[in-house]
Amino acid sequence: QEEDDWRNEKEKLKAHFDQLTEKRNDLVERNKQLEDEISKIEKRVREKEIKLRKIEQIENEIHPLIDHLLEQIHDLISTGLPFLTDERTQRLARLQEMRDDPEVTLSELFRRTMEALLIEAEYGNTVEVYREKVSLDGSEVLGDIFRFGRVSLFFLALDRQSAGVFDVASGKWRTLDKTQVPAIEAVTEMAAKHRPMEVVSLPIGGLTPE
């Protein structure tokens, strides 16, 4: 009876041992899978850390670049031809506000700065006519201003009897000889698309300060 009881107990213990062995093997396999997953996660974390360090390095390099570009835009506005001054100054002011706003991303600030710089560059490839008062011979005179790229600004009085040019060397408007009025009137009308294009000789000079 004892031998029979032991035999039965032995079979039960063996079955239980087999179950535990199977569970152990499953746990070992699962543990190996978890170790592989942890290894992959750690690898991704290391890669992210490397990327973050590179991003931080780029940010440290981009900020001085943006500051330099903003200074360039400021110099273009303050030392170049005085055209569209309000519009260009306001654009620069918005960029400077964005520069000091922690909620503005670096990528957005860089994009907007490059856009402003491209706009400034594009002024060199275009002509335009707009109406504004200028100080000519000590008087405020209203007239049409013809912008010839970033090279010259010409002024034509509304009565078409006088014209002027902005002297970059002195930083002031200078009255032109009356013989130059027809040429200034011609280019002003061409820029406004009021007459067909033609070759015109313009009094361009004094492009840079002394």
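Between S107 and V199, the distance separating the two model label sites (each 7 Å from Cα on the Cα→Cβ line) works out to 5.2 nm.
Remark: segment 60-130 projects, on average over all directions, an area of 5.0 nm² (convex hull of Cα atoms). Evaluated on segment 36-194, the Kirkwood hydrodynamic radius is 19.0 Å, with distances taken between all distinct Cα atoms. Rounded to the nearest 0.05, the FRET efficiency derived from the C-beta distance between I58 and E37 at R0 = 45 Å is 0.90.
Ordering V104, V187 by accessible surface, largest first, gives V104, V187; the 1.4 Å probe counts only protein heavy atoms, with every chain in place. The mean sequence distance of close C-alpha pairs (under 8 Å, at least 6 residues apart), as a share of the length of segment 91-168, puts its relative contact order at 18 percent. Assuming charge only on the beta carbon of Lys and Arg (+1) and of Asp and Glu (-1), the dipole of the chain about its Cα centre is about 740 debye to the nearest 20. Mean residue ellipticity at 222 nm, helices only, the chain: -21000 deg cm²/dmol; runs of at least 4 DSSP H residues each add -39,500 (n - 2.57), and the sum is divided by the number of residues. Remark: spin-label model distance T89-E115 equals 2.3 nm, labels positioned 7 Å along the Cα→Cβ axis.
Within the shell defined by Cβ-Cβ distances under 12 Å, the residues around T126 carry a net charge of -1, with Lys and Arg each +1 and Asp and Glu each -1.
Using the 1.4 Å probe convention, the accessible area of the chain works out to 71 Å² per residue with neighbouring protein chains retained. On the principal axes of its alpha carbon atoms, segment 1-77 extends 110, 13, 10 Å, with the longest extent given first. Centre-to-centre, using Cα atoms only, segment 121-150 and segment 156-205 are separated by 10 Å.
Simple spin-label estimate for S170 and W6 gives 12.7 nm between the two label positions (7 Å along the Cα-to-Cβ direction from each Cα).
The values are calculated or read from the model by the stated rules, or taken from the named source; none is laboratory data. All of these numbers come straight from a predicted model, not from anything done at the bench. All Cβ positions, even for glycine, are placed from backbone atoms using ideal geometry, and neighbour counts span all protein chains on display. Note: accessible area is taken over every heavy atom of the protein model, side chains too, but ligands, DNA and RNA are not part of it. Shrake-Rupley method; radii C 1.70, N 1.55, O 1.52, S 1.80 Å.
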